[in-house]
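A.B. asks: Take a look at this one; I'll ask things after.
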Amino acid sequence: MDSISLWQLVALAAASTLVGFSKTAVSGANTISLAVFAAVLPARESTGVLLPILIVGDLLAVTVYRRHAHWPTLLRLFPAVAVGVVAGTLFLLWADDAAVRTSIGAILLFMTGVTLWRRRLAEKESGSEAGTGPAAGDEGAPGTGRTAARGYGVLGGFTTMVANAGGPVMSLYLLSAGFRKLGFLGTSAWFFLILNVSKVPFSVGLGLIDARSLLLDACLVLFVLPGAYLGRVCVDRINQRVFDRIVIGATVIGGLQLLLI
């Protein structure tokens, strides 16, 4: 982190802006940001730099969408997520950068395939178009059971601890549960604010957050604000089907980037 060039700093600033945009518009798009951070910085250390930036984005998202969260879904997810966070912490004790990138990329692509398969089955059974969500309005309500919540929760906790890549996993869960835009963004906002703040002691204990990483964060955090504003302006103009496709597409791109870096 002592030898970051100007162009690398520009790339990190752009990735920080995308974090803000993803938090208020397309949750899951920040997989591109984590790929940029992992390319510019050592993969393990990049997670410690990115975490405070994500927390700032979460605070902005909660400010905008706090009324749209579906708390029964959050309470159902958190126990399984805690298991995933502990597993991710143990994994980081021995995994090198290559193992981190390969594992997360493979999980994201696998979960994308599972979600597309589940949505195709639901479309055939109901005769409705995939991605239209439940009939409960723009808030959305969960349509998956406890088994799915546990599976996605463990994977979400593991991937967010290992590489701050829990966004795509939770995005896929919320899409498969039938959440529409506002319910999706409100539930995601509270979920990741609580989760990312709880990760800070683990990251400090692993040496991923220190004085140098926080100094870099101080330079990058201001770029989150314009991204969040742009996302808030754009979100109402994004069609629900387009929204779903962007989330899934961003997940695939992020997974491939992690595998190919």
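A.B. asks: In degrees between 0 and 90, to the nearest 10, how far off the longest principal axis of the chain does helix 166-176 point, with axes built from Cα atoms?
C.D. replies: 0
A.B. asks: Let me ask you something else. When the chain is modelled as a GNM with alpha-carbon springs shorter than 10 Å, which of ARG120, ARG76, ARG44 fluctuates the most?
C.D. replies: Largest GNM mean-square fluctuation: ARG120.
A.B. asks: Next question, about the same structure. Can you tell me the accessible area per residue over the chain, all protein chains present, probe 1.4 angstrom, in square angstrom?
C.D. replies: Working: 11190 Å² over 261 residues.
Per-residue accessible area for the chain comes out at 43 Å².
A.B. asks: Still on this structure, I have one more. Within the chain, what whole-number % of the accessible surface is contributed by carbon and sulfur, with the 1.4 Å probe and all protein chains included in the calculation? Display every interim value, and only then the final one.
C.D. replies: Details: 7500 of 11190 Å².
Heavy-atom surface of the chain belonging to carbon and sulfur, 1.4 Å probe: 67 percent.
A.B. asks: Quick check on segment 7-87: take the gyration tensor over C-alpha atoms, sort the square-rooted eigenvalues as a ≥ b ≥ c, and tell me if it's rounded (a/c under 1.5), prolate or oblate.
C.D. replies: Values: a/c = 2.84, a/b = 1.44, b/c = 1.97.
Since a/c reaches 1.5 but b/c is at least a/b, the shape of segment 7-87 is classed as oblate.
A.B. asks: For THR63, THR47, write out the residues from largest to smallest accessible area, computed with a 1.4 angstrom probe and no ligands counted.
C.D. replies: THR63, THR47
A.B. asks: So which residue, out of ASN30, ASN239, ASN164, gets the largest mean-square fluctuation from a GNM of the chain using Cα contacts under 10 Å as springs?
C.D. replies: Result: ASN239 has the largest fluctuation of those listed.
A.B. asks: Mind pulling the angle between the C-alpha long axis of helix 224-235 and the longest principal axis of the chain? Nearest 10 degrees, somewhere in 0 to 90.
C.D. replies: Approximately 20 degrees, to the nearest 10.
A.B. asks: Oh, and also: What do you get for the angle between helix 6-24 and the principal long axis of the chain? Use alpha-carbon atoms, 0 to 90 degrees, nearest ten.
C.D. replies: The answer is roughly 30 degrees.
A.B. asks: Compute log10 of I(q)/I(0) for the chain with the Debye formula, placing one identical point scatterer on every Cα and leaving out solvent, at q = 0.09 Å⁻¹, to two decimals.
C.D. replies: Each listed q maps to, in turn, -0.35.
A.B. asks: Given springs between every Cα pair under 10 Å in a Gaussian network model of the chain, which of ILE209, ILE194, ILE32 has the largest fluctuation?
C.D. replies: ILE194
A.B. asks: Right, here's the next one. Please state the charge dipole magnitude for the chain, taken about the Cα centre, from unit charges on C-beta atoms (+1 on K and R, -1 on D and E), reported in debye and rounded to the nearest 20. All intermediate terms of the calculation are to be shown ahead of the outcome.
C.D. replies: Values: 20 positive and 14 negative charges, 133 e Å.
It works out to roughly 640 debye.
The values are calculated or read from the model by the stated rules, or taken from the named source; none is laboratory data. What you see is a predicted model; the values in this text were computed from it and never measured. Note: ideal-geometry Cβ built from the backbone for every residue, glycine included; neighbour counts use all protein chains shown. Just so you know, the surface numbers come from the protein's heavy atoms only, side chains and all, with ligands and any DNA or RNA stripped out. Shrake-Rupley method; radii C 1.70, N 1.55, O 1.52, S 1.80 Å.
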